[in-house]
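Q: Quick one: the structure is below, questions incoming.
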Amino acid sequence: MQERVLRSILITTHVNAEVFTTFSKFNNFTFNRRGVTFFSFPFLMVVLSLMHFFNRDTTLGVLFLIFAFLLPLGYLGFHSRSVSNQVKRFNLEKSRIAYTIRLQESGIQVSNQRENAEYPWDICYGAYRVKGYCYLYVTKAKCFILPDVDIEINASSDQVWQFLQEKLGTEKTKSYIKV
């Protein structure tokens, strides 16, 4: 059976607390690579702690060990609190339409209540696929969330991903879904 070729895909993105939280975790820990720091810092603190224990300086050893656990917990708490405050500020407790995206041969057309914009494919930074979502970055700081559940009825998440890979190339696309 021959698969039909899509020339345009419509996605009306609904944003709520879950969508925003999931994106925030991806953007913070994966895309901006703060997860590397998050794990390497405690490891370094434990190594420093062990060095001080071996040198019989238990006070500094204990201090480094405390920092190894408290600072990452503090960072997670700060991140969680920040996301929670943004959910309240943007009134995301209830799902609402954020924007409508049309993926076309020429580029991305985005519209919301305030504006309409078009982005040609060649300026796009990249696309990333995680379970349930595609994140389409037009710049390193501007991203559009494409939830699988919001894709038009006559397209699938696999077709959206294939379309993005075709338009952006494999060097600008990365999937975090294990096959």
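Q: Quick check: anything in region 117-127 modelled with pLDDT under 95, part of a loop (DSSP other than H, G, I, E, B), open to solvent by 80 Å² or more (accessible area, probe 1.4 Å) and not hydrophobic (A, V, I, L, M, F, W, C)?
A: no
Q: I'm trying to understand the selection: among the residues of region 128-179, which are free of Cβ contacts under 8 Å to residues at least 12 places away in the same chain and open to solvent by less than 30 Å² (accessible area, probe 1.4 Å)?
A: GLY169 - this is the single residue of region 128-179 that is free of Cβ contacts under 8 Å to residues at least 12 places away in the same chain and open to solvent by less than 30 Å² (accessible area, probe 1.4 Å).
Q: Residues of region 5-57 being within 15 Å of GLY132 (Cα to Cα), more than 12 Å from the chain's Cα centre (by Cα) and of a type in the set (Val, Ile, Thr), which ones?
A: ILE11, THR12, THR13, VAL15
The values are calculated or read from the model by the stated rules, or taken from the named source; none is laboratory data. What you are looking at is a predicted structure, and each value in this text was computed from that prediction instead of being measured. Cβ coordinates were reconstructed from backbone atoms using ideal geometry, including for glycine residues, and neighbour counts include every protein chain displayed. With ligands, DNA and RNA removed, areas are computed over all heavy atoms of the protein, side chains included. Shrake-Rupley method; radii C 1.70, N 1.55, O 1.52, S 1.80 Å.
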